[in-house]
Amino acid sequence: MSEIANLQTVEALWDAFDRFDFDAAGDLLHDDFLCEWPQSGERIRGRENFVAVNKVYPGQWRCTIQRILVCGDEVVTETQVSDGDTSNTAISFFTLAGGKIVHLREYWPDPYPAPDWRAQWVERL
């Protein structure tokens, strides 16, 4: 598939999550889909399991892609995910095959306060 098609597939996935349409998200996943969440040491094997986890995930989370990079069959997104009270960032590495997402490796970094010792050299975001 083309890079444009791969980009559109990943954008469609985040859009489906934003609309809470997890079945539509599942339609974008390959039959051999595999998701890895290294921080929690979890692997989700299969479209059905990934859809089920997201259907029962607590809260109503809205998703906004901040950055997206495409190189062949690889797509990387930086996405803000918020329930209105809490905001998180997802860094997601997608691999596509035949127009479907076959692999997702995703990181959810926790924000932390900047250390005071380097304040004289940095600007706060």
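Bear in mind that the values in this text are calculations on the coordinates, not laboratory data. Note that the structure is a prediction, hence the values are computed from the model and not measured. Here Cβ is always computed from backbone atoms with ideal geometry, including for glycine, and neighbour counts include all displayed protein chains.
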Mind checking the angle between helix 3-18 and the chain's longest principal axis? C-alpha axes, 0 to 90 degrees, to the nearest 10. 70
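Rounded to the nearest 0.05, what FRET efficiency do residue 23 and residue 112 give with R0 = 35 Å and r taken as the Cβ-Cβ distance? Could you check?
0.45
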When 4, 65 are ordered from fewest to most other Cβ atoms inside 10 Å of their Cβ, what list results? 4, 65
Along the stretch 85-100, Karplus-curve 3J(HN,Hα) (6.51, -1.76, 1.60; θ = phi - 60°) to the nearest Hz, with x for Gly and Pro, reads 9, 10, 10, 10, 10, 10, 9, 10, 10, 9, 10, 10, 9, x, x, 10
Show that you can apply the helix-only estimate: for the chain, add -39,500 (n - 2.57) for every DSSP H stretch of four or more residues, divide by all residues, and state [θ] at 222 nm to the nearest 500. -7500 deg cm²/dmol
Per residue convex hull volume, Cα atoms of the stretch 67-113, in Å³: 86
Around residue 99, which amide H atoms from residues at least 5 apart in sequence, or from another chain, sit under 5 Å from its own amide H, with H modelled in the peptide plane? none
Gap in Å between the Cα centre of the stretch 80-125 and the Cα centre of the stretch 1-55? 17
In what order do 10, 76, 81, 56 fall by count of nearby beta-carbon atoms within 10 Å, going from fewest to most? 56, 76, 81, 10
Which one is right for this structure if percent of Cα pairs over 21 Å apart is calculated from it: (1) 46; (2) 50; (3) 41? (3)
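Under 8 Å for C-alpha pairs, at least 6 residues apart: give me the relative contact order for the chain, rounded to a whole percent. The partial results should precede the final answer.
Values: 217 pairs, mean separation 32.2, N = 125.
Value for the chain: 26 percent.
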The residues 51, 122, sorted from fewest to most surrounding Cβ atoms within 10 Å, come out as 122, 51
